[in-house]
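Accompanying notes for the structure given below.
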Amino acid sequence: SVNMKSILYIGVLFLYSIGLAQPIVYKKYAPHLETPLGVVGSGTNQIIFNWKYSGKGSFGLTTIDSLGNSINTKNYGADLDIPKNIVKNTNNELMLDGLTFRFDTNGNYRSYVVITDTFGNFKREFTFKPPTVIFNNVVNSTYLNGAYYFIGEEFDSLVKPHFLSRPYIAKTDTFGNLIWWQNKFPESMMLYGYGCISLTNNKAELLIGASNQDTVINTRSITGYFLFNVDTNGNLINRINLPLIDQDTFVSNLVTKIISKNDSTYLVLGNNNLFTLNNNFEILKNDTLVYKMAIGGYLRGVTIYKSYLDDSYIIGGVRQMMKFFNGDSIFTRTFKYEPNFGAMDDVIPTLDGGYFAVVGVNNGTMYVKMDCMGNYESPTICEPLIEPPKKVNPLIGDVLYVGNSWQIKINDPLNKLYSYKIFNCVGQLISESKISTNMSVITIENQSLSDGIYFIKIVGDNFGTTLKAIK
């Protein structure tokens with residue numbers, strides 16, 4: 001009946017929304033999508049932003065439905081426009097940032113922005129450039145209280161005999177009329193075509209991420225992380241110092257993404273580091289996960305997003321992606337061995353708890369829909385990651401790491417224990433075993449397990465406890 005169908009449909013939507021339905025996964029190639037630049041979610045669909053070289057409309061938007069089908073393609077701009085970045089704003093708009101040569105008879109370029117709704121339908125376009133600047137382009141943007149804020153690069157021959165490249169920040173109204181322009185930063189500050197701009201928790205300031213060449217070690221110029229906050233009038237408030245882990249290995253360091261978290265803290269991603277800052281922009285944590293991956297040449301942090309399913313995060317790099325939870329790596333996935341691999345351009349979370357990655361290949365674009373563990377062939381049912389419960393029995397010791405095994409000390413061998421079970425980080429039962437009586441140590445071999453986080457549940461006489469273990 002109609003009512004029964006409605007009930008079933010609502011039930012499926014509920015399971016889908018909390019991540020308990022099995023995600024749809026796939027890997028597809030799209031030769032017609034030239035040079036992917038990013039992707040944003042639009043409900044259960046994904047919209048890929050790409051640079052279309054041939055034909056009219058350099059700013060390309062292609063909508064992929066939940067089954068991986070390309071259902072709509074829109075192109076904006078013209079052949080003389082070069083796209084840079086796509087941003088999904090809080091006012092239900094998509095901002096397509098870049099530059100254009102079309103509006104200058106001298107062959108110079110200026111910032112060019114296309115505004116669409118969340119489905120990619122055109123709303124308006126505009127350019128902006130102050131009169132004293134020769135060239136300028138947009139690399140990132142955001143929206144706040146009826147205005148747009150931009151970060152970009154400008155090139156000026158009027159300040160010095162040679163061209164001077166420097167960053168700028170600007171504010172326009174929603175029709176692109178310039179309100180203010182700020183470029184009074186240290187000459188050593190650089191963007192390298194990247195950079196990020198984000199709202200602060202109090203929505204009264206902006207955080208700007210860039211790079212700064214202000215250190216020289218053994219005659220080598222070291223570019224450090226450059227993070228600073230400005231007010232909504234463009235006034236510089238403070239530079240926030242972010243330390244480098246390894247100046248000998250990584251001489252180029254750039255802030256690439258800033259996330260404002262619900263607990264009034266910030267995640268600041270650099271291409272080699274991940275920092276957690278408090279509301280006063282003081283460093284609470286300097287995560288080494290990105291650094292450890294970067295040492296192997298696999299992950300250079302470019303973008304970071306929070307999962308829709310839980311408090312885990314996904315980091316996308318040039319070659320690889322990594323999911324982490326509470327400071328631990330859950331999985332890594334690389335596409336560098338795919339035929340004609342170019343670079344992974346973006347990866348975002350999806351509503352079913354999985355991920356959608358866009359990879360540039362030599363003959364077009366590869367896009368991949370994965371489950372919560374990065375699988376795109378045999379998906380698992382995604383359940384939220386949770387903290388293990390606190391120990392409720394002092395008779396059980398902590399997990400010790402001995403060779404290829406976990407060892408758990410039993411502080412009172414006379415206490416009656418029955419069994420233990422091992423679960424992976426998404427709640428799947430991996431193995432279980434009975435516990436012999438009068439054991440003083442439980443030894444669990446883990447050589448056959450994949451690297452990751454596991455939970456060991458021990459059941460005894462009128463009690464149970466769960467321990468966290470890492471392989």
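Worth pointing out:
- Taking region 202-250 as the range and being modelled with pLDDT under 70, hydroxyl-bearing (Ser, Thr, Tyr) and assigned to a strand (DSSP E or B) as the test, the residues that pass are Thr215, Ser221.
- Counted residues, region 69-96 - those being small (Gly, Ala, Ser) and either modelled with pLDDT of 95 or more or assigned to a strand (DSSP E or B) (or both): 1
- Subset of region 432-455 [in a loop (DSSP other than H, G, I, E, B) and loosely packed, with under 12 Cβ neighbours inside 10 Å]: Ser436, Thr437, Asn438, Ser440, Gln447, Ser448, Ser450, Asp451
- Filtered by the rule that a residue be at pLDDT below 85, in contact with a Lys or Arg (Cβ under 9 Å, 6 or more places away or on another chain) and of a type outside the set (A, V, I, L, M, F, W, C), region 281-319 gives Gly297, Tyr298, Arg300, Gly301, Gly317, Arg319.
- Consider region 142-183 and keep the residues that are among the basic types (Lys, Arg) and at pLDDT below 85. The one that is nearest to Asp97 (Cα to Cα) is Arg166.
- Region 394-412 - residue that is touching a strand residue (DSSP E or B) at 6+ places or on another chain (Cβ under 7 Å) and part of a loop (DSSP other than H, G, I, E, B) and, of those, modelled with the lowest pLDDT: Leu395
- Scanning region 107-155 for residues that are part of a loop (DSSP other than H, G, I, E, B), among the hydroxyl-bearing types (Ser, Thr, Tyr) and under 28 Å from the mean Cα position of the chain (by Cα) yields a total of 1.
- Residue match in region 97-106 (condition: surrounded by 17 or more Cβ atoms within 10 Å (Cβ to Cβ), touching a Gly at 6+ places or on another chain (Cβ under 9 Å) and part of a loop (DSSP other than H, G, I, E, B)): yes
- Being outside any helix (DSSP H, G or I), at pLDDT 90 or above and in contact with a strand residue (DSSP E or B) (Cβ under 9 Å, 6 or more places away or on another chain) is a property that Ile258 has.
- Under the condition of being touching a Lys or Arg at 6+ places or on another chain (Cβ under 7 Å) and farther than 14 Å from Ile348 by Cα, the residues counted in region 26-76 number 7.
- Taken over region 413-466, the criterion of being within 21 Å of Asp328 (Cα to Cα), at pLDDT 80 or above and of a type in the set (Gly, Ala, Ser) is satisfied by Ser448, Ser450.
- Counted residues, region 24-42 - those being more than 18 Å from the chain's Cα centre (by Cα) and either crowded, with 19+ Cβ neighbours inside 10 Å or part of a loop (DSSP other than H, G, I, E, B) (or both): 8
- Among the candidates Val139, Val114, residue that is of a type in the set (Val, Ile, Thr), within 17 Å of Val39 (Cα to Cα) and modelled with pLDDT of 95 or more: Val114
The values are calculated or read from the model by the stated rules, or taken from the named source; none is laboratory data. Keep in mind that this is a model prediction, so the values were computed, not measured. Because the Cβ atoms are built from the backbone with ideal geometry, glycine has one as well, and the counts that use them run over all protein chains shown.
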